[in-house]
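Contents: one structure, followed by commentary.
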Amino acid sequence: MIDKDTQLCISLSGRPSNFGTRFHNYMYEKLGLNFVYKAFTTNDIEHAVKGVRALGIRGCAVSMPFKESCMPFLDKISPSAKAIESVNTIVNTDGYLKAYNTDYIAISKLIAKYQLKPTACVIIQGSGGMAKAVVAAFKNAGFDNLKIYARNAVTGGYLAKLYGYQYIDSLYGQNADILVNATPIGMKGGGKEESILSFPEAMIDQASVAFDVVAMPAETPLIKYARQQGKTVISGAEVAVLQAVEQFELYTGQRPGDELIAEAASFARANS
């Protein structure tokens, strides 16, 4: 029952989905927590963040395209998020806004879970906030043979230089063991980009692993095609769950058990 003491958590995204709303609210209910979660979008990130502070909103998940643009309006940024130059989680404690990057944690855990070898050749597509978390996670996992491709040569070149990697201005003639899409290509609600592959078929055919950070839908064109070719696939749905669990703990101070996490993830995917 919502009352005056109910704590509100929200998400800010260019393309809101039901996943986070369903996931968090399911666990609030199961754990008997007086919280509620709601997804939003905005055309004014500065005042949206100021609203988080002014209204006492406990937590705010930040998705594309706000992971970098929200940063000037925060009080403190965790060291890892500051190094990555991207945040995806804001925690409000009595009007003091501290930010984190739980995407980085999720990507790092998936690299370990799938035992991706640091000797592998990797190509990461993207240069936005999520791409920064992905590149940082691979760098800190010991991957040296990594290239970055982005349609924005300025931000792509900057990200590559930041981590000592090579920037490539085209995917033509490129090959890699691990392909990572850290762009909105394939995302639900993306118009023409919703139905296209983020990498050419020829590149996917020769790769061993296809990794897509897009969470909705879980079966993006990249994941679907790579699965058909018998490749190892890592979906954005896995990223979404892992990073959301970290957010949940930051907001509530409670760490849900694995069984409840699996239940909530299943419920969220079925109803998103």
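The values are calculated or read from the model by the stated rules, or taken from the named source; none is laboratory data. Not measured: the values here are computed from a predicted model. Neighbour counts run over all protein chains shown; Cβ positions are idealised from the backbone, glycine included. In case anyone asks, the SASA skips ligands and DNA or RNA and just uses the protein heavy atoms, side chains included. Shrake-Rupley method; radii C 1.70, N 1.55, O 1.52, S 1.80 Å.
Overview of results
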read-out	value
Within the stretch 1-33, considering residues that are open to solvent by less than 60 Å² (accessible area, probe 1.4 Å) and part of a loop (DSSP other than H, G, I, E, B), the one modelled with the lowest pLDDT	S17
For G173: the one exception among (1) more than 21 Å from G128 (Cβ to Cβ); (2) at pLDDT 95 or above	(2)
From the options I204, I178, residue that is in contact (Cβ under 8 Å) with a residue 40 or more places away in the chain and open to solvent by less than 20 Å² (accessible area, probe 1.4 Å)	I178
Within the stretch 86-140, tally of residues that are touching a residue at least 60 places away in the same chain (Cβ under 8 Å), hydroxyl-bearing (S, T, Y), outside any helix (DSSP H, G or I) and open to solvent by less than 10 Å² (accessible area, probe 1.4 Å)	1
Meets criteria (buried (at least 18 other Cβ atoms within 10 Å of the Cβ), farther than 22 Å from S11 by Cα and under 18 Å from the mean Cα position of the chain (by Cα)) for A150	yes
Condition met for Y172 (closer than 27 Å to D205 by Cβ, open to solvent by 10 Å² or more (accessible area, probe 1.4 Å), in contact with a helix residue (DSSP H, G or I) (Cβ under 6 Å, 6 or more places away or on another chain) and not in a helix (DSSP H, G or I))	no
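Yes or no, residue by residue, for (1) part of a helix (DSSP H, G or I); (2) polar (S, T, N, Q); (3) open to solvent by 40 Å² or more (accessible area, probe 1.4 Å):
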{"site": "R227", "(1), (2), (3)": "yes, no, yes"}
{"site": "G230", "(1), (2), (3)": "no, no, yes"}
{"site": "V239", "(1), (2), (3)": "yes, no, no"}
{"site": "Q243", "(1), (2), (3)": "yes, yes, no"}
{"site": "F248", "(1), (2), (3)": "yes, no, no"}
{"site": "Q254", "(1), (2), (3)": "no, yes, yes"}
{"site": "E259", "(1), (2), (3)": "yes, no, yes"}
{"site": "A262", "(1), (2), (3)": "yes, no, yes"}
